[in-house]
Structure formats: structure tokens, C-alpha cells
Amino acid sequence: MSSKQEQKEAHQTNGVVLPIVAVPVDCLASPERQQLMEPSEFLEPDGEGVEVVVLDSQANAKGVREEDALLENGSQSNESDDTSTDQGPEPVSPLKETSFSIGLQVLFPFLLAGFGTVAAGMVLDIVQHWAVFKNVTEVFILVPALLGLKGNLEMTLASRLSTAANIGHIDTPKELWRMIMGNMALIQVQATVVGFLASIAAVIFGWIPDGHFSIGHAILLCASSVATAFIASLVLGMIMIGVIVGSRKIGINPDNVATPIAASLGDLITLALLSGISWGLYIELEDKAYVNPLVCAFFIALLPLWIIIAKRNPVTREVLYSGWEPVIIAMAISSVGGLILDKTVSDPNFAGIAVFTPVINGVGGNLVAVQASRISTYLHMSGIPGESSGLAPRKCPTPCSTFFSSDVNSRSARVLFLLVVPGHLVFLYTISSMQGGHTTLTLIFVVFYMTAALLQVLILLYIADWMVHWMWGRGLDPDNFSIPYLTALGDLLGTGLLALSFHILWLIGDRDTDVGD
């Protein structure tokens, strides 16, 4: 990992060269000189004094303070940039948003993302009866792991680019193009590696309980996982870049919309690709056994190309070296959730759980990703990871400080938590109206489902408040490290609590739910 000085330079410039201006000494009599400049005098050959002036590192390439750049959206202050030099060294709260403005910006992407997870749930409810899912049940273990890629990769990409957009680091075409190339190459590397490791985890988790191993099924899982991860990350990465650039141009805070939109199509696209690719490769398994190894080898062979592109880009070089721990651990956590799903769906009494799993996991992951992205941007306004700041005061927050304090992050936590019940009611009604899940929505079922969903989001928002500040204090960029852990925990908590709810409903004899019909 690079030294703290290198991290500071990368954070301050992010590829933007701070200008060095040589001007005569007598032109620098402004009283604000000491605030904006660090002069060093040199003598020219003729003896006249010249100062080399380095602009304050808190300014971006346009001379706008980072906190002013964030305020350039419709819900925030419209103060002129000319007043930035009158501010003190300590920035005022960078996120001057009301609860209403936060809710208004989050609501539409949240509903869009929720309907995407509903569609994914309907797809899973259908494909669970396909031959490949019945004969190679380890595919179910891949579902949360690959759907979790939106947290491991796309949401991390969205958070990283949202922060860059808010502090003015993608305002020029050159900076934007460099950011796009480096990040797209990076997520292709991560997607290929994580997809391969997810298939290994699925094979191991499927082999240990049953004691049965099939080399043909193992290669099928590998080819399906790697191909799905690669194609899904490519498509979703391009969508994310378009969303963030568009949000920046129309004055919407990308932190509020980017991560939910990443998930709105992420689950559906990934699950559709996994189902289609695994089904096609399963058909070829009998007559053309060489197809599966070739598919796997093709995507792995592209790895060196993506590594070279990501390594040459200073924006992504650091993440390429140090960003593996969160995505791999997150994949392992999601795979445990996949094992729970595999064992639950395999029981005929609980087949109806399939349609609800992507919904509860997706909603929880979407909401906590928005919160983590917002807190990370908030901290980035004060300096670089590892530096002490008044904006990162606590290491172990209390639930009261997380949800009931007056700061903007607590306000957003309350807004996001209040979206859980109305959002899930809309999604449950949609599933019921489409006759998905073979489950009758009785009052007791809705109560148990809502309890699981509220408990999941409550735990996730609290952990996000602690984790983002803790990582910041350790010198880790939360944009790269926190969201994979949080969305993976969301998958595990959502699947586990939902499976527990179904078991309790079955044990207490609520036959009206028809959970196993």
C-alpha cells in the first residue's frame, strides 16, 4: 500500500495537476494571500523577486473548494464560488439537505430498484423449476454471491464515482475518460476473479453436506459464474457511468440515486444471465463437454489485458492492489446466504421463499449502500482517510446518535429506515398481484416479513455508521471497502431472517400462507 503522503496527493488531485504560477511579488499584496498561497521567493537573473505560488490543496482544478462543489445541486446552497475564500479553514456541513429533499431524491430510485428486485424474484421463482436448478442445486448458492456483485463492484464503483463527481474530479472530458477506462478495467478484473472464487465456494458448500462431487457440474458452475459476472459487470458499469454523469449535469446528488439505480437492473440482469447461461451450458454438457472449459478459459484469458489497463491508471492502481479483501470476504459471506437459500428452497415446504429473497436482500442492500456512500462523501470533504477530523468523531456510535441526532447523516438514516415498510408493502402487493411465490399474503405473514425487513435494515444502518467511520480512522477509503461488506451482510441477514420467518410460520401452523404450495 502506498504511503500516506502518496494517498494525500492522490486524494487532493485525483489526476488533476495543481497549477504553479510565477508572478511578481508586488502583485500579491492581497490580505487573503496567506490563506490561499504558500509563497517561496526566488531571484531571477536580473535580481527581481519572483514568487512561486502553489494554490491551496483544498481547491480543485477550477479553484472551487470541495465542499462548494458538493453544494452544486438543486437541493443545496446556491452561494457563489466567490465567497469560498471568506470561509474559515473548517468546512461548514457539506451536505445541506433537508429530510424532504433526501427522501424526494431517494424515493424514485428506491422504488425503481425495488421493482427490479421484484422482477428478479419472479425470475427466480420460475427458473427454480428448470432442470439445471434441480439437477445442479449448487447454482442456488451462486445466486446471492453473484447478485451481491452489485454491492461488491457496481455499488462500490457508483460510490467511488459519486464522490469524485461531488468534489469536481470528473468535470473535464479528460478526467472523465481516464476515470471510465480505469474503473471499467478494474471491475472486469474483480468480476472475473470473484466469479471464479464464487464457483469454487459453491462447489465446496455443495460437496461438504452431501459428500458428492461431479467434475462436470464443477466446470459448469465455473463457466456460468465467470461469464455471468463478466457480462453483468460490463453492462451495469456502463449504466452507472451514464447515471452519475447525468445526475451531475442536472444537479442531483449522485450519492442519492446512483447506488439504487445500480441495483434496479443489477439483480434482474445478473439473475437472467445466470439462468440463461447455466441452462445453455447444461444442455451442452451431455454432447459437447468441451464447451464449458472453453468458456471458462476465454474469460480468464482476458484477465491480463484488464490488469494492464487498470494498473496504468493512477486512479485505480491503488484499488487493484488493495481492494481484494472486501470483495472476496463479501463473496464468502454472500455464499453462506446462498447455502441457506439452497437448503431452504430444496425443502418443498419452503419453495415460496425464492421470490422474496432477492426483494428483501436487494432493498436492504440498496438502502445501506446509499447511507454508506453519503457518509463516505461527507468524510471526504474534510480531508483524506486516516486524518483526524471533526467530521469523524466517533468510533462506536450509539443507536441514538445514529438515528436521532441532528446531523445530516442521522437525518438520512431516519429517512431510509422509514422507506422500508411502505416500500415493501408496494413490492409485496406487486408480487401478490402477479401471483408470484405461491404464497398467500396473510396478515401474520406480512407481520413476520416486515419484522425481518425492519430488523435487517436497522442493523445494517447502524453497522454502516460504525464501519464507515472506523475504516476512515484506519486510513481506508470507505468507498472501496465498506459497501461490499454491508451488502453481503444484507444478503446474509435478509436470507437468514426470511428463512427463519418461513420456518416459524410453518411451525405455528399458519397453513393459510401456503408457503410450500
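The values are calculated or read from the model by the stated rules, or taken from the named source; none is laboratory data. Computed from a prediction, not measured in an experiment: that's the story for all the values here. Note that we place each Cβ from the backbone using ideal geometry, even for glycine, and neighbour counts take in every protein chain shown. The accessibility values were calculated without ligands, DNA or RNA, using every heavy atom of the protein model including side chains. Shrake-Rupley method; radii C 1.70, N 1.55, O 1.52, S 1.80 Å.
Details
- Matching residues in the range 156-180 - criterion: being crowded, with 22+ Cβ neighbours inside 10 Å, assigned to a helix (DSSP H, G or I) and more than 14 Å from the chain's Cα centre (by Cα): 164, 165, 166, 179
- Residue ID - surrounded by the fewest Cβ atoms within 10 Å (Cβ to Cβ), chosen from residues in the range 119-147 that are touching a residue at least 24 places away in the same chain (Cβ under 8 Å), of a type outside the set (Ser, Thr, Tyr) and not in a helix (DSSP H, G or I): 130
- Conditions (1) closer than 28 Å to residue 134 by Cβ; (2) open to solvent by 90 Å² or more (accessible area, probe 1.4 Å); (3) among the charged types (D, E, K, R); number of the one not met by residue 284: (2)
- Residue pairs whose Cβ atoms lie under 8 Å apart, separated by 6 or more positions or on different chains, with the first residue in the range 308-331 and touching a residue at least 40 places away in the same chain (Cβ under 8 Å) and the second open to solvent by 60 Å² or more (accessible area, probe 1.4 Å) and β-branched (Val, Ile, Thr), are 320/307.
- Pair list, Cβ under 6 Å, 6 or more apart: the range 196-210 residue buried (at least 24 other Cβ atoms within 10 Å of the Cβ), other residue among the charged types (D, E, K, R): 202/138; 206/138
- Test for residue 212: is it modelled with pLDDT under 85, assigned to a loop (DSSP other than H, G, I, E, B) and closer than 22 Å to residue 239 by Cβ: no
- Listed by position, the helices (runs of 4 or more DSSP H) enclosed by the range 226-316 that each have at least 1 residues that are of a type in the set (S, T, N, Q) and farther than 26 Å from residue 354 by Cα are 254-287, 291-301.
- For first residues located in the range 97-118 and surrounded by 16 or more Cβ atoms within 10 Å (Cβ to Cβ), partners that are of a type in the set (Ser, Thr, Tyr) and lie 6+ apart or on another chain with Cβ distances below 6 Å form the pairs 97/75; 101/75; 102/412; 112/264; 113/264; 116/264; 118/430.
- Residue satisfying all of: in the range 120-156; modelled with pLDDT under 80 and of a type outside the set (Gly, Ala, Ser); nearest to residue 477 (Cα to Cα) among these: 156
- Checked against the criterion of being closer than 19 Å to residue 312 by Cβ, out of contact with any Asp or Glu (no Cβ under 9 Å at 6 or more places or on another chain), part of a helix (DSSP H, G or I) and open to solvent by 10 Å² or more (accessible area, probe 1.4 Å), the range 181-189 contains one or more residues that satisfy it.
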